[in-house]
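**Student:** Just dropping this structure here.
Every number here is computed from the coordinates shown, using simple stated rules; none is lab data. Computed from a predicted model, the values in this text were never measured in an experiment. Please note: Cβ atoms are built from the backbone with ideal geometry, for glycine as well, and neighbour counts cover all protein chains shown.
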Amino acid sequence: MPEDLMQDDLSSTEALRRLEQDGPNALPVSHPRNALHLLLGVVFEPMFLLLVACGAIYLLLGDQNEALMLLGFVFVVMGISFVQQRRTERSLEALRVLSSPVAMVMRDGQVAKVPAATLVCGDIVLIAEGDRVPADLLLLAATNLTVDESMLTGESVPVAKYAAAPDTPPDVAPPDSPQAAYQAYSGTLVTQGTARGRVIATGPRSALGRIGQSLAAIGAQPTPVQAETARVVKLVAAAGLALAVCLALFYWLRLGDWLHGLLAGLTLAMAILPEELPVVLTIFLGLGAWRLAREKVLARSIPAIELLGATTVLCVDKTGTLTMNRMQLRALWCDDGRYDTVANATEALQEELHGVLEYAVLASHRRAFDPMETAIAAAGKQLLANTEHLHDDWTLVDDYPLSPEMLAMSRVWQSPDHSALLIAAKGAPEAIMDLCHLPPQRCADIARQVTAMANEGLRVLGVARAEFANPVANPATPAAATGLPDKQHDFDFEFLGLVALEDPVRADVPEAIAQCRRAGMQVVMITGDHPSTARSIARQAGLTADGAPITGTELEAMDDAALNARLADTHIFCRVQPAQKLRLVQAFRARGEVVAMTGDGVNDAPALKAADIGVAMGVRGTDVAREAAALVLLNDDFASLVTAVRHGRRVFANLRKAIAFIVAVHVPIVGLSFFPVLFGWPALLMPVHILFLQLIIDPACSVVFEAEAIESHAMTAPPRPANARLFDREVLVRGLVQGSGLLAILLAQSLALRATGIDGAQERALTFIALVFSNLGLIFANRTWSGLSWTRAGAVNHAYRWSSAATLTLLVLVLGVPSVRALFGFDLPPAPLVAAAMATALVSTLWFEACKKMLNRPAAHANGQWDKSMP
C-alpha cells in the first residue's frame, strides 16, 4: 500500500484520481437481466424452437389455419415463461438494498456525505451507531465501539473494536485474526459507539468483496431433469423422423403416390415428435415457481424446484436461520434466586432479582443499537413495569466504555432525590468479579454458575453497582460533578448477579426439522459459535445430537478420507470458517448426497452456490447471499423450506405421472397413424386431429397433473436417489402398457366398425371420439398411482374439471359445426354408435385402473427405500 495512504484526509482531486484507478467501491454481484435479455433467452430456448419448427412444417404443407393455431400456442407459452422470469427479476430487484448508500468522509479538510461507491483507499470515514461500514477500515480512533459481524463470520454476538496503534500496517486482516479488533469490515453493522477510520480496501479487494469474487469460480449446472429431458427429446425426435421417412418411402414404393406418402410420413412425425415434453416441463416449473412465490419462497433458479424433492442433506446456518439473529433475556441469577423467562414465564420477577435487572438496564444505553442492550431494555420494561426500578428521570453524568484491558462498561448516573452518584456496571463475568474485588472462593462459585449457563448456549454478563459521593452535591447540576476516578477499578463495586441472554431458536424450527427428518433428510448445523452454544441450539432445535461435534480446527486437520468417514454421524459443525463451509458442502456432494444449504451472510455465499440448492434469507440475507442462492425465503420463515421441499417432491412425482400419460397417449396416436397405412385402410388420424390432441388434451393434462395434490405418503418416504431418472423403466413401462392396451381397444373398435360397412369419415369420427374420451379417462386414472382414482375424490382438482369441460365443449363444436367437422374430415355418426364409442372409452379407463394392480409393487418406502411405482 502506498505511503501516502498514511497521510491525513484526501483532496477531492486525489480521491477522483484513485477512483478512476481502482474502480468503484461496489460489491462483485451480477447485474439483473433486462427485459430484452430475458426475451432472447426464452425465444432461443431449444424447446420452443422445436415447437416453432413444427408450425413451419404446417406452413410448408399450405394449411395456414393449423399452422397459426400451433404457432399461437407457442407464443402463449413463451409469454408465460417470459412473464414468470420477469416477475422473478423484479422481485429480486425489490430485495436489492445497498449496504451503505452514503458515507461520512473527510475531504479537503471538511466532513461531507458522499456515495459509498465513491470511497477510495486513504479516505477518512466517520461511523456511528446504526451505520453500515462502507469499506474496510483501519480504526484510527474508537469510542465504546462494537460491531455486528454476523454476516461475515456467523457469530451473532457483536465484537468490540479498538483504535489501532500508529505503526499498525494498513493491510486487511482476516475477520478471525487478532488484528481484526483494530479493523472494521465493509457491510458490517455498528451496534454501539463511534469511530474514525482510514479506508484500506474497497469493492472486490475488501474482505466482503473477496468472498463475492470466489463465487465466479463455482459454475451452475443443469438439473438432472433438465439434462434428461433434453436427451430424451433429441433421441425420440431422431427416432421419430427416421420412422416417418421409412413410412413415407414405404407408402411411395407400395402405391407410387409420393405426395400422400409425404403426408403420411409428416403425420407420423407429428405423432411421434415429443413437443409436449418441453411444454410440460416449462409449465410444471413455471407454475411451481408461482405456487412457491405464494408461499413467500422466491425461485431464482426455477429448475431447482424439482431438485428439492431429491434433497438428502440440509446444511443449516445457525445465525439468522435456526435462530432469530436477535438477542433476548433468558435468565437472571443472584445468590438468592434465579428467574427463567421460559420456565417462569407466567410468574412475576422475584424481588431479589429486581436490582440485577435494574442495574443491567442502567448500564445500557437508552437508545441502544447493540442487540444485548436492546434485549436488556425490553426485559426491563416488561419485568420491572409498575415498579420503582425504572429510572427515566435519572441523568447520565459520565460513562466508562469497554477497553482491551477491562471487558466491562460502567455508566454514572445522578438521581433527582439522591446526592451521591450511582454507578451501574455490566460486562464479562470475570471482569465484573475483578471490579468487585471478590475473594477466590466467591469467584469460583460464580464461575461455576457462569459455566452452567454457557453450557445452555447462553451469553452471560455480570452486573454490579457502586456509589460515589458527588463533590458538587447538587442534583440539579449533575454535569458539574468533578473528581470522578480515571478507571472503573477505583469505584467500590458490589456484585449483584448475572444476566443471561440468548439468540432464540425460531418457534417453527423444531417442527420443521422434525418434518425434514421424517422425510428422510439429514439435517446438519454449521456455525461459527462455540461448541457448547452449538450443542444447546441443536438440542432446542431438535437436531440429532449423535456423534461429537467437529470444530473448524479439527476439520482443518482432517484429510478428505477422514472427513468422509465422520460425515454420516456428525450433525454439528462449530467454529467453522467460510472456506470450511464450502468444503463441507463439497464433501457431502462427493458422497453422492443432494445438498441444500441455507444461509444469510456473505460468508455463506460460496457454499450456497456450490450446493445443489442454495437457500438464502430474504429479509436478513445479504445481496451476495441472495445472488448465490437458487431459492430465497422472502419472510425468513424456516418452515417455508419444508414447504419448498414438499413442493419439490410433488413436482417430481406429478411430472412422472404426466410423462407416463404422454407416453401412453402417444402409443395409440402413433399406432393409428401407422397401422392404417400399413394395412391399406383409409387414414384414421390426420394432422389436424393430432394438432387438436396435442394442443388441447396434452397441455390441459400438464396443468391438471401440475395441480394434483401431493400423495399422502410423500413426506414420510425417503428422498429419491440422486441418480433417479424421470424417464425410468417404471414410467416407460406404465405408459407403454396403458397405451398399448388403449391402441388394441381402439383397433378392435375400428375392425368392428369396418365389419358393419360404415364409411371412412364416420369411422374416423368415432375413433376420434373414443380416443378423446379415453384420454380424459387416462388423465383421471393417472392422477394417483397409489390406489384407485375414485379414492381421490376428496382431493379436488379444479384444473381437471375445467380441462375436461373445455375438451368436451370443443369436441361438441367439432362434431356440431359443419364447417369445422369438414375441416376434421368427419361425418356425423348415428347416436348409438357414438354411445358405443363412449363405452369403448369406459372399457379403456377400466384397463388403466387394472394396470395399477399389475404394475404397482408393495410400498418400498416403508422399508426405507424410495418406491418408483408410487411417486
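**Student:** For a quick check: sort L126, L292 by the number of other beta carbons within 10 angstrom, fewest at the front.
**Tutor:** Taking fewest neighbouring Cβ atoms as first place, the list is L126, L292.
**Student:** On to the next question. For A293 and E467 in the same chain, what is the full-extension length gain: residue separation times 0.36 nm, less their Cα-Cα distance, in nm?
**Tutor:** Net length gain for the segment: 56.8 nm.
**Student:** Calculate the spin-label point distance for D340 paired with F824, positioning each point 7 Å from the Cα along the beta-carbon direction, and give it in nanometres.
**Tutor:** That separation, rounded to one decimal, is 7.3 nm.
**Student:** Which order do the peptides 496-502, 821-827 take when ranked by the mean count of other beta-carbon atoms within 10 Å per residue, highest first?
**Tutor:** By packing density, highest mean first, the sequence is 496-502, 821-827.
**Student:** Amide H neighbours of T551 under 5 Å, counting only residues 5+ apart in sequence or on other chains, H built in-plane at 1.01 Å?
**Tutor:** Correct list: C574.
**Student:** Fewest Cβ neighbours within 10 Å first, please rank M617, M104 accordingly.
**Tutor:** With the fewest neighbours first, M617, M104 line up as M104, M617.
**Student:** On a full-extension model of 0.36 nm per residue, what is the gain between T553 and H713, subtracting their alpha-carbon distance, rounded to one decimal in nm?
**Tutor:** Full extension of this stretch gives 53.4 nm more.
**Student:** Ranked highest first by average number of other Cβ atoms within 10 Å, how do 570-576, 171-177, 326-332 line up?
**Tutor:** 570-576, 326-332, 171-177
**Student:** Length gain on complete extension for the stretch T451 to E511, per 0.36 nm per residue less the alpha carbon to alpha carbon distance?
**Tutor:** Length gained, T451 through E511: 18.7 nm.
**Student:** First select every other residue whose beta carbon is under 13 angstrom from the beta carbon of A447; then total the charges, Lys and Arg +1, Asp and Glu -1.
**Tutor:** After counting each charged neighbour, the total is -1.
**Student:** Sketch the reach of a paramagnetic label on A128 as a point 7 Å from Cα along Cα-to-Cβ, and name the residues of the range 168-201 whose backbone nitrogen lies under 20 Å away.
**Tutor:** 184-185, 187-199
**Student:** Beyond 22 Å between alpha-carbons counts as too far, so tell me which of K113/K161; K296/K657; K161/K381; K581/K609; K296/K381; K318/K426 fall in that bin.
**Tutor:** Pairs exceeding 22 Å: K113/K161; K296/K657; K161/K381; K296/K381; K318/K426.
**Student:** Right, next: Can you figure out the FRET efficiency of W681 with M854, using R₀ = 22 Å and their beta-carbon distance, to the nearest 0.05?
**Tutor:** Here the calculated transfer efficiency is 0.10.
**Student:** What ranking do H666, H437, H391 get, fewest neighbouring Cβ atoms within 10 angstrom at the top?
**Tutor:** Least to most surrounded, the residues fall as H437, H391, H666.
**Student:** Using the basic label-point model (7 angstrom from Cα toward the beta carbon), what is the L16 to L736 distance in nanometres?
**Tutor:** Taking the simple label geometry, L16 and L736 are separated by 7.5 nm.
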